[in-house]
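This report concerns only the one structure given below.
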């Protein structure tokens, strides 16, 4: 029988299917089905010989029962072998030592077919591995391309992409594969992509068009799609592949240039440099497409080899033709020289020209290589950068905060007047300097500061500053410098921000610094005053409660003690009762004053004000103190002009004058004089109460308006509560005024002065 070789073109799946069929035939044969007949095309079927053998065995068994049992056992052995092979055990082999020639022959054929299958599967695996390696290499090559690359099948479904595509559009390869444009993009873009894809698939070849796409960061970018179809093995179109070029910045910079698309296409298809090779006689030997494009030379001129015509044409395009031609001739005459310079064309284009001699190892000259690179954009970008830095410097110069700017190498490029004043360093001393020169005025040494931490991780930054806020790459920090400028302590607030060029590359940083020492002190003072205010509110609450709680038990004492005194008339106990009456009266007066203080805790509102005559208020106070005045005695004079009126709370002014007058009488000497006077000073009324009493020391004048303060604590004067002047201070404060004490010294009298404003809480008279 003719056995097929291992080189037959059979797939692993085909071999497996063939083995399964053989196993089925053997199963039927082992079960006694000798009537099976098999049609075989032995020239096309790799298992044809084996099937024919099985058919002959069936016929033989049917014709004779000799060796039937042995054949059944042999067939079972072969069935087990085929069953294991069909499960992937290609190392198994059937026995070939059966006494039955046909069964033994069947074993040999099975083993040969197993060898064929093993070889075919091995080759299929190697082919699959090779295909996977090729696909992996292809994907790796695609991933190294910086531009987005994608490919689709003939139904416009995505088959794959490179990493640049994933990054630009924020879609992973898994999210992309199998999707159509309408599954991924906005309707208008998806429809455009579909139309362009269908047009290319209908008319295979290359396709280039410009459109707008939306990137993962939400920005709209101008791009060029370069697409081409690819074919199946049979030649039919299988799909398309596309490369995306982002031309946003170029369009912005060269929107007026008509050859924008040409330059972008040339950047993809050819070298960035235009190359020209000439021999020692200046005859053109070779050139690339980029050279022709840069010089805009007509194709027929180069193809014709018109050397002199090409030189004349290029010379005519120069801004200074004579200088250009002179330099070319000089270099041809001095074949050993290399040169690099810049060419300015009449259309505004600038070229970087580099030329070297072509010299052999033996020193023989073969000609010259000319290289031309279009640097118009770079020059424009450099000028744009210089303009941007100048504009930034101009803006920074007039910022109110101390501000400086550094480039990517940490050299100072801007130093405004505010930071000159703060640090004492002049602009000329720091511009162009690096090595942390900007830190010296603050720390006395060169060291990193906030602007140098922009690129550091959050943990490193927090170790440097107690208070730091990081937001989108910007840093905001507060720091304390114990010795700054003349050794004074300072608090500073700083903000540092990175700077980027038009391509998104880091170009430097800017930091603004503000001296917040006054604000910090004000904040500390605010905290202190808040604590005082809280304490005052607590005291007012206590005094209000105390005044209220004492009123109830004092009332019966004030009534019963005088009655008790009458009943004890003539007794030694009368003096003790008088002392009790005096003490209870003092407690009552103290209680009343604490209630008055509690009632003065709120500022006066405009609707509470009324026009009052100041002299009349003072007269009523004198009348209330008449008994005290006569007992002293003292001479009390009210010198306030009767024409003076002011808007105020009448009851509070009455209390104010009563307390000031009673205080003056209390500390006056016998037959002393007390003078009440007032005068206007603009919108302010200045009032004074002057006595000729015991006077005040400088220290007492600081505390005389404090709650419960007494000039002489040792006297234990029950009639002096220490709250009278404290009440006066609250009344004056409620009227937006100020109160203070003046005294030449002890035993030289005291003058209490206060002001009353015409305007209270935005209201004016």
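Bear in mind these aren't lab numbers, they're just calculated from the coordinates by the rules spelled out. Just so it is clear, the model here is predicted, and its values are computed rather than measured. A quick note on method: Cβ atoms are made from the backbone with ideal geometry, for glycine too, and the neighbour counts reach across all protein chains shown.
Brief remarks follow.
- One equal scatterer on each Cα of the range 301-456, no solvent, Debye formula: the resulting log10 I(q)/I(0) at q = 0.10, 0.13, 0.14, 0.16 Å⁻¹ is -0.64, -0.76, -0.80, -0.90.
- When the Cα atoms of the range 187-245 are aligned to their principal axes, the ranges along those axes come out at 42, 21, 17 Å in descending order.
- Overall dimensions of the range 604-757, expressed as equivalent-ellipsoid semi-axes from the Cα gyration tensor (√(5λ), whole Å, largest first), are 24, 17, 14.
- Each of 665, 670, 356 was scored by other Cβ atoms within 10 Å of its Cβ. Listed from fewest to most, they are 670, 356, 665.
- Alpha-carbon Debye profile of the range 270-374, log10 I(q)/I(0) at 0.24 Å⁻¹: -1.60
- Size of the range 140-211 from its Cα atoms: along the principal axes, largest to smallest, the extents are 30, 25, 22 Å.
- Dimensions (Å) - the range 124-260, Cα atoms, principal axes, largest first: 57, 30, 30
- The fraction of all Cα pairs in the range 387-507 landing in successive 10 Å bins from 0 to the largest distance is 12, 44, 37, 7, 0, given as whole percents.
- If you look at the Cα atoms of the range 375-421, you get an Rg and a Dmax of 12.6, 42 Å.
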